[in-house]
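Worksheet: the structure to be examined is printed underneath.
The values are calculated or read from the model by the stated rules, or taken from the named source; none is laboratory data. Every value quoted in this text rests on a predicted model; they were computed, and no experiment measured them. We place every Cβ from the backbone using ideal geometry, glycine too, and count neighbours over all the protein chains shown. Protein only, heavy atoms only, side chains kept; ligands, DNA and RNA dropped before computing areas. Shrake-Rupley method; radii C 1.70, N 1.55, O 1.52, S 1.80 Å.
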Amino acid sequence: MHFKIKTIKGNKYLYVIKNEWIDGKVVQTIQKYVGTADHVYELITKNTEKKVASYSFGKPAALLKAAEEVGLIKSLNKHIDRKNIKGLTPAEYLLLIIIGRSEHSLSRNVLDDYFKESSLQFFMKPKYKLSSQNFLNYMEKLDEETIRKIELDISQTLIKKGIRPTKLTFDTTNFYTHIEHGEDLPKKGFSKDKRYDKNLIGVGLTTSNGNLPFQTITYPANVPDVTLFSDLIDSICKRIEEIGIPLKEITIVFDRGMNSTDNIEHVLDKMHVVGALPSSMCKDLFHVPLSDFEEEWINGKQNIIKAHRVNGNWYGKEFTGVIKYTEITSRKQMHEWEIKKSDILRKIEEIGSKLNRKGKGRKMTAKGLMNRVVDAIPKQYRGLFDYNVVEKEGELQLNFSLNDDQEKEFLLGMGKTVVFTDKENLATKEIVDMYDSRNMIEEDIKWLKDKLLIPIKPVYVRKDVKIRAHVFLCVMGLLLHNYLLHLIDDQELTIQKLADNLEKIRMGLVYNGKGEENAEFVVEEMNKETAEIFTKLQLGEYIPS
């Protein structure tokens with residue numbers, strides 16, 4: 001190729017020319033106009049360098065969309081007084097905490113830095129620096145009554161969208177904190193994270209259809225589940241009545257830790273119930289041979305479920321019951337028992353080897369020996385062993401053995417659960433599926449403990465009102481994620497996969513040449529799964545213009 005200057009009507013123009021030898025002669029195959037001298041000069045002096053700034057986009061845009069659609073933004077601004085302060089609205093401040101926490105900015109002190117690196121800066125326009133105190137001021141306005149009103153608003157919005165609750169699921173958990181001198185909420189208790197040295201915060205979560213959080217309660221963790229549930233029943237019923245749904249249309253599902261004659265009678269006066277019996281009430285039922293289990297199906301986890309329908313009188317009421325058996329659960333429980341049994345016997349052997357040891361040191365007493373033995377056996381296994389301590393001629397003797405008959409009874413219950421309900425017209429599979437839906441709320445509680453999603457820990461506040469606000473905002477983050485799953489409507493998509501894919505969606509701000517007027521927003525390249533989520537959630541509508 002070569003340049004050629006053509007003169008046309010006295011003006012000179014530059015062309016790119018390519019000649020080729022074809023069929024024994026030179027043929028011009030390319031003639032490309034470049035331009036006048038002025039145009040060529042502009043081309044060689046123009047700054048064509050491209051600059052790209054990259055921002056997180058998927059999670060901020062998706063959570064913002066969900067917050068708008070469930071009415072969270074509207075309700076926050078409705079119930080929290082802003083006064084005459086310019087800048088971000090109360091909803092924007094509090095939503096920024098939720099989104100920031102879901103993107104691993106766990107402290108309010110780093111939210112200003114996070115904001116500057118996030119695409120949220122193109123949606124929200126703060127007048128002042130995003131200080132930790134501003135966030136705390138709005139959190140303090142989220143008292144129990146305000147939280148109740150916001151949850152009520154969201155429930156009513158979801159009903160208008162066709163998400164009408166017919167089933168509620170209730171469960172509890174607790175979280176350890178580093179709060180040493182708090183108010184009424186932080187208390188010592190049975191830590192589910194086994195941090196018995198720390199003060200705990202108890203959280204009760206009620207979810208509705210679609211596993212959407214319906215009601216949240218934050219309470220002192222030294223309150224037993226059975227007591228908490230007793231106090232909470234009327235509150236749950238009041239909420240249902242406030243959203244205009246007849247109580248008898250609702251079935252509540254709860255774990256056996258809430259069981260008591262009074263609690264079940266109280267619930268049945270108002271709603272239907274699905275629960276499970278403790279193993280201590282099921283010994284006769286566990287003797288039913290698997291050959292009598294007349295129904296079988298494969299559940300959502302591809303596990304084979306076998307079931308046998310029964311009737312019984314429990315807690316002073318007549319119920320329909322289902323004995324449910326899962327082989328994979330039985331194998332897992334058997335494996336765990338063998339490991340635990342070996343561990344217990346090893347510890348007992350170690351204790352026995354130190355009996356009546358001569359030499360310096362305080363001599364072990366019969367009471368001290370018995371305490372050591374009891375401590376070596378987890379509470380749920382103590383009834384499987386026979387043990388006592390006797391003293392002969394000044395020497396302690398420990399008698400310890402596994403009770404074979406008790407172990408056989410124990411093994412009969414492996415993989416089995418007895419579910420009960422007052423809804424006798426339900427099919428056997430429906431009863432089991434309804435109780436097993438508890439797994440969804442248990443998974444959600446795990447996500448509240450998972451630092452990669454929307455974690456409650458760490459808790460950087462001390463006053464009760466702010467602790468409740470903190471827990472509420474984390475649960476709202478969970479609600480927004482589950483609402484997005486509802487919109488996508490893909491049974492294979494888990495909340496973790498959703499979060500992972502949203503994190504992959506990033507937005508670039510491309511500066512073409514000189515000046516910001518030439519900049520444009522573009523979404524960075526996505527894989528097929530991520531692109532489908534982007535499309536289904538219509539996140540393109542949130543790309544700034």
For this session: Kindly establish whether ALA91 is closer than 26 Å to LYS449 by Cα, at pLDDT 90 or above and surrounded by fewer than 23 Cβ atoms within 10 Å (Cβ to Cβ).
Result: yes
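Could you tell me whether ILE431 is in contact with a Ser or Thr (Cβ under 6 Å, 6 or more places away or on another chain), within 19 Å of VAL253 (Cβ to Cβ) and aliphatic (A, V, I, L, M)?
Criteria met by ILE431.
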Exercise. Looking at ASP193, is it at pLDDT below 90, among the acidic types (Asp, Glu) and within 18 Å of ILE445 (Cβ to Cβ)?
Worked result: yes
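If you go through region 389-397 one residue at a time, do you hit one that is crowded, with 16+ Cβ neighbours inside 10 Å and acidic (Asp, Glu)? Don't jump to the end; show me each part of the working.
As a first pass, look at region 389-397 and keep what is crowded, with 16+ Cβ neighbours inside 10 Å: 389, 396.
Retained after the next criterion (residues that are acidic (Asp, Glu)): none.
No, because not a single residue in region 389-397 is crowded, with 16+ Cβ neighbours inside 10 Å and acidic (Asp, Glu).
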For this session: Could you look through region 186-228, keep only residues that are assigned to a helix (DSSP H, G or I) and closer than 21 Å to GLU265 by Cβ, and pick out the one that is least open to solvent (accessible area, probe 1.4 Å)?
Result: LEU228
Problem set entry | Residues of region 461-472 that turn out to be over 13 Å from ARG148 (Cα atoms), open to solvent by less than 10 Å² (accessible area, probe 1.4 Å) and within 17 Å of the chain's Cα centre (by Cα), as a count | 1
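Is it fair to say LEU285 is within 25 Å of LYS423 (Cβ to Cβ), in contact (Cβ under 8 Å) with a residue 12 or more places away in the chain, hydrophobic (A, V, I, L, M, F, W, C) and touching a strand residue (DSSP E or B) at 6+ places or on another chain (Cβ under 7 Å)? First the steps, then the outcome.
Numbers: within 25 Å of LYS423 (Cβ to Cβ): yes; in contact (Cβ under 8 Å) with a residue 12 or more places away in the chain: yes; hydrophobic (A, V, I, L, M, F, W, C): yes; touching a strand residue (DSSP E or B) at 6+ places or on another chain (Cβ under 7 Å): yes.
Judged against the criteria, LEU285 is a match.
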Seminar exercise, completed: Every listed condition ((1) closer than 18 Å to ASN174 by Cα; (2) open to solvent by less than 10 Å² (accessible area, probe 1.4 Å); (3) touching a strand residue (DSSP E or B) at 6+ places or on another chain (Cβ under 7 Å)) holds for LEU479 save (1)
Problem set entry | Answer from GLY477, GLY508 - the residue that is touching a residue at least 40 places away in the same chain (Cβ under 8 Å), out of contact with any helix residue (DSSP H, G or I) (no Cβ under 9 Å at 6 or more places or on another chain) and not in a loop (DSSP other than H, G, I, E, B) | GLY508
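Enumerate the strands (runs of 3 or more DSSP E) found wholly within region 367-447, keeping only those where 1 or more residues are more than 26 Å from PRO289 (Cα to Cα) and over 27 Å from the mean Cα position of the chain (by Cα).
Hits in region 367-447: 385-392, 395-402.
Just wondering, is there one or more residues in region 323-334 that are touching a helix residue (DSSP H, G or I) at 6+ places or on another chain (Cβ under 6 Å), closer than 14 Å to VAL418 by Cα, crowded, with 17+ Cβ neighbours inside 10 Å and touching a residue at least 12 places away in the same chain (Cβ under 8 Å)? Working first, answer last.
So in region 323-334, the residues touching a helix residue (DSSP H, G or I) at 6+ places or on another chain (Cβ under 6 Å) come out as 323-324.
This time we only want the ones that are closer than 14 Å to VAL418 by Cα, so: 323-324.
Right, trim to crowded, with 17+ Cβ neighbours inside 10 Å and you get 323-324.
Subsequent filtering for residues that are touching a residue at least 12 places away in the same chain (Cβ under 8 Å) retains 323-324.
Scanning region 323-334 turns up at least one residue that is touching a helix residue (DSSP H, G or I) at 6+ places or on another chain (Cβ under 6 Å), closer than 14 Å to VAL418 by Cα, crowded, with 17+ Cβ neighbours inside 10 Å and touching a residue at least 12 places away in the same chain (Cβ under 8 Å).
Just for region 159-185: of the residues that are closer than 29 Å to VAL70 by Cβ and out of contact with any strand residue (DSSP E or B) (no Cβ under 9 Å at 6 or more places or on another chain), which one is most open to solvent (accessible area, probe 1.4 Å)?
At the first step, the residues of region 159-185 found to be closer than 29 Å to VAL70 by Cβ are 159-175, 177, 185.
Filter once more, so that each one left must be out of contact with any strand residue (DSSP E or B) (no Cβ under 9 Å at 6 or more places or on another chain): 159-164.
Details: ILE159: 42, LYS160: 177, LYS161: 96, GLY162: 62, ILE163: 21, ARG164: 99 Å².
Checking each candidate, the answer is LYS160.
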Problem set entry | Filter result for the condition that a residue is in contact (Cβ under 8 Å) with a residue 12 or more places away in the chain and on the phi > 0 side of the Ramachandran plot, over ASN199, ASN174, ASN211, ASN134 | ASN211
Exercise. In region 78-165, which helices (runs of 4 or more DSSP H) lie fully inside it and hold 3 or more residues that are within 30 Å of SER208 (Cβ to Cβ)?
Worked result: 90-102, 132-139, 144-160
